[in-house]
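Working notes, structure below.
The values are calculated or read from the model by the stated rules, or taken from the named source; none is laboratory data. Predicted model only: the values in this text are computed from it and were never measured. FYI the Cβ positions are ideal-geometry reconstructions off the backbone, even for glycines, and counts take in every protein chain you see.
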Amino acid sequence: MGIRKPAVSVLGARRLNANRSEGSFQENMLAPSNPPVAIEPIEPASHQTGNRIVPVRTLAARRAFLLSNERHVVDPKVQVFVSAALPARGISATFDALSAELRPAKALQMILRRALDDYELMLSNASFPDMAAAYSTEEPLAIVATSRMMPRRLVDIALTHFDPLGFNSARAFGRKLATSALSIFFDNEKSLT
């Protein structure tokens, strides 16, 4: 059941109440009159949106939250499909150790996750090398494919680096990105040992 609007205004209700309680007209004239009070409009306690009623405080808080977050908009992320070949034995001590415990494909996916984290940092700092030397692969060639969510800005930087003319497919781009990240990871691993 909805709330009905009263038929009498606040000032009219005060006048009626004063007339009833004071008795006669003469007594009303002698009684001290109350100065008129400005009544502030009451804010609605809720706002109807569709089939739901949402409290106004919630709407105001949501608007304030959205406005404050407009200044701190996070770079939107896009899904990038990456693939890489399994490295040959002896290329990476980490890969050799992980593949002894796990499937080689799973081991490479775990290393690729960390390698792409490092590569994203290099892309954001513009400190990545022009072209990383490819690592030796296992024969017969075995490809591991996965996907990764990356900030759009970093994907655009990588695209201008790996495919400046825009002719490569998404899979070819993902293969170059993953291979380059793994090559740098394997080179850094060798320099640490």
* **All positions within the stretch 144-158 that are under 22 Å from Gln109 (Cα atoms) and surrounded by 13 or more Cβ atoms within 10 Å (Cβ to Cβ)** => Val144, Ala145, Thr146, Arg148, Met150, Pro151, Leu154, Val155, Ala158
* Structure fact -> Those residues of the stretch 141-193 which are within 18 Å of Pro129 (Cα to Cα), under 28 Å from the mean Cα position of the chain (by Cα) and part of a loop (DSSP other than H, G, I, E, B) amount to Asp163
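This table checks each residue for (1) surrounded by 13 or more Cβ atoms within 10 Å (Cβ to Cβ); (2) at positive phi; (3) free of Cβ contacts under 8 Å to residues at least 24 places away in the same chain.
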| residue | (1), (2), (3) |
| --- | --- |
| Phe81 | yes, no, no |
| Ala93 | yes, no, no |
| Leu98 | yes, no, yes |
| Ala115 | yes, no, no |
| Glu120 | yes, no, no |
| Leu123 | yes, no, no |
| Ala134 | no, no, no |
| Glu138 | yes, no, no |
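Conditions (1) within 24 Å of Ser169 (Cβ to Cβ); (2) touching a strand residue (DSSP E or B) at 6+ places or on another chain (Cβ under 9 Å); (3) modelled with pLDDT under 95, marked per residue:
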position: Asn51; (1), (2), (3): no, no, yes
position: Ser68; (1), (2), (3): no, no, yes
position: Pro76; (1), (2), (3): yes, yes, yes
position: Phe81; (1), (2), (3): yes, yes, no
position: Leu86; (1), (2), (3): yes, yes, no
position: Gly90; (1), (2), (3): no, no, yes
position: Ser127; (1), (2), (3): no, no, yes
* To do: Considering only the stretch 159-193, state which residues are basic (Lys, Arg) and loosely packed, with under 15 Cβ neighbours inside 10 Å.
  => Arg171, Lys190
* Those residues that are among the aliphatic types (A, V, I, L, M) and within 16 Å of Ser147 (Cβ to Cβ), I need them from the stretch 72-110; list them, please. => Val78, Val80, Val82, Ala84, Ala105, Leu108, Met110
